[in-house]
Amino acid sequence: MKSGLRTIDLTLAGMFVALMAVGANITSFVPFMVIGGVPITLQTFFAILAGAILGSRLGAITMAVYAFAGLAGAPVFSKFGGGFASLLSPTFGFILSFIFAAYVTGKLIERKKSVPVYITAALIGMVINYVFGTNWMYMAYKLWFTAPEGFTYQMAWLWMAVPLPKDIILSVFAGLMAHRLEHRVFASSQFRKMNRAA
Amino acid sequence: MMDKMIFGRYVPAESVLHRMDPRSKLVLIFLFVCIVFLANNMLTYGLLTVYTFLMIALSKVPIRFIYTGLKPVLLLVIFTLFLHLFLTKEGEVLFRLGWITIYEEGLRQGIFISLRFFLLILMTSILTLTTTPIEITDGLESLLAPLNKIKFPVHELALMMSISLRFIPTLMQETDKIMKAQTARGVDFSSGPIKERIKAIIPLLIPLFVSSFKRAEELAVAMESRGYRGGEGRTKYRQLSWGLKDTAMLAMLAALTLVLILLRT
């Protein structure tokens, strides 16, 4: 295939997008992650895992497909959101940032596969998610809503400081879990050995 | 929970908009998002509003569904209105009460910008209310086909989208099943300190990952054994057809654009 994607890559990416949909709405399945009344999404967690498990290139493609599937109206975003209107939401930047987060996380892990590298890569992925998403949110308020001077850059970041601690914990956890999955489950899995399609 | 997943955003009905080619609907929405910014006075905003409500009437989607889709963003629209009301300090003072002062320009800006946003949300919602995700995927694949020339994997992207659409309900059911199975084995998902709760994800996610990767593997094997080898020369089960109504709708939007350009100040 000229794109260099094997059939297994296509099915894996498709499946991972469905996994993201589950991760974004995990609280509807299990009530365990409502902390202080705020339901937690595992989107960043899964984006980091996509980069770590599928690799930088396929991970990034998967996250792009996730964004497209959501825009096409599949209920894959948090709160079973979706639809073309999500493009206008100020938080759409976070969904776009998953593409870069997965890519960078994957690239870092491809160099060296040790536990500290996994954790650092996961944290860097999360930082990308925050920096890109928050800047997008700020720009969206400025452009879409033409927010007046009173809405400052600091206000946008203050807003994002609240969920930061739980995302740090989840990212470290994502790094550890990716390492475990890689070495216990996928190292001996079939799809790593499958031949390139004609 | 399950009903939300099955329906997604699409509302089946017999209407012109439902029967339109997904390609023309995508082009229409894209152009609408651009021309919304042309409006800058009462008349042009009024025209856009009339057009949007005409589209809603044509779609025959019950208002109830449109309202449900709007609910989360309505707050944002109101927030925008108030942000402008209180923070823009230009023009004549219209109203003063204690520390609150409302200026003419603030009221104007607030109403126009929140109306613009409201119309954008309405039109984009109509697209996903009248078009199934799979139709949108087919439409996108066809519209983006020229990108194949610069080696952008359009067909592969569309296929990945279709696969994920097919497996979203399956994996959601699977998550439910795994959770019940692990609860039966004594995993406590709903109480305990945060650290324990995060740890409880492991017995949920590991089986989910393993089973979904197994599914991906089986699907790939099944596809290859049936002779799948990429997009080239592949025939389609769902055919798209561009009809008279698609051309008519686009012509109507073009006319609207022209009028907007003439009437804007």
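The values are calculated or read from the model by the stated rules, or taken from the named source; none is laboratory data. Remember, predicted model here, so these are calculated numbers, not experimental data. As a convention, Cβ positions derive from the backbone with ideal geometry for all residues, glycine included, and neighbour counts pool all protein chains shown.
Structural remarks
- Test: residue in the range B:57-65 that is within 19 Å of B:Ala255 (Cα to Cα) and either in contact with a helix residue (DSSP H, G or I) (Cβ under 7 Å, 6 or more places away or on another chain) or not in a helix (DSSP H, G or I) (or both): yes
Yes/no per residue for (1) surrounded by 14 or more Cβ atoms within 10 Å (Cβ to Cβ); (2) farther than 19 Å from B:Lys245 by Cα; (3) modelled with pLDDT of 85 or more; (4) not small (Gly, Ala, Ser):
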{"site": "B:Leu17", "(1), (2), (3), (4)": "yes, no, yes, yes"}
{"site": "B:Asp21", "(1), (2), (3), (4)": "yes, no, yes, yes"}
{"site": "B:Val36", "(1), (2), (3), (4)": "yes, yes, yes, yes"}
{"site": "B:Ala39", "(1), (2), (3), (4)": "yes, yes, yes, no"}
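- The range A:61-74, residues that are surrounded by fewer than 24 Cβ atoms within 10 Å (Cβ to Cβ) and either more than 9 Å from every other protein chain (Cβ to nearest Cβ) or under 18 Å from A:Asn25 (Cβ atoms) (or both): A:Ala67
- Residue within the range B:190-204 that is at pLDDT 90 or above and either loosely packed, with under 15 Cβ neighbours inside 10 Å or touching a Pro at 6+ places or on another chain (Cβ under 6 Å) (or both) present: no
- Scanning the range A:40-74 for residues that are of a type in the set (Gly, Ala, Ser) and in a helix (DSSP H, G or I) yields A:Ala47, A:Ala50, A:Gly51, A:Ala52, A:Ser56, A:Gly59, A:Ala60, A:Ala64, A:Ala67, A:Ala69, A:Gly70.
- Of A:Phe132, A:Phe186, A:Phe98, all but one fail to be surrounded by fewer than 20 Cβ atoms within 10 Å (Cβ to Cβ) and modelled with pLDDT of 85 or more; the exception is A:Phe132.
- Scanning the range B:35-55 turns up no residue that is farther than 19 Å from B:Gln109 by Cα, under 17 Å from the mean Cα position of the chain (by Cα) and not in a helix (DSSP H, G or I).
- If you go through the range B:57-91 and pick out every residue that is in contact with a Gly (Cβ under 9 Å, 6 or more places away or on another chain) and crowded, with 16+ Cβ neighbours inside 10 Å, you end up with 9.
- Candidates B:Ser114, B:Ser142 - the one that is small (Gly, Ala, Ser), at the interface with another protein chain (Cβ under 10 Å from one of its Cβ atoms) and over 16 Å from the mean Cα position of the chain (by Cα): B:Ser114
- Scope the range A:75-115; condition assigned to a loop (DSSP other than H, G, I, E, B), more than 14 Å from chain B (Cβ to nearest Cβ) and either hydroxyl-bearing (Ser, Thr, Tyr) or within 25 Å of B:Arg116 (Cα to Cα) (or both); matching residues: A:Ser114
- Tally of residues being more than 8 Å from chain A (Cβ to nearest Cβ) and either touching a strand residue (DSSP E or B) at 6+ places or on another chain (Cβ under 6 Å) or farther than 12 Å from B:Leu115 by Cα (or both) across the range B:66-78: 6
- Of the helices (runs of 4 or more DSSP H) lying entirely inside the range B:172-265, those containing at least 3 residues that are on the phi < 0 side of the Ramachandran plot and facing another protein chain (nearest Cβ under 8 Å) are B:194-199, B:202-225.
- Residue match in the range B:95-111 (condition: within 8 Å of chain A (Cβ to nearest Cβ), surrounded by 14 or more Cβ atoms within 10 Å (Cβ to Cβ) and among the hydroxyl-bearing types (Ser, Thr, Tyr)): no
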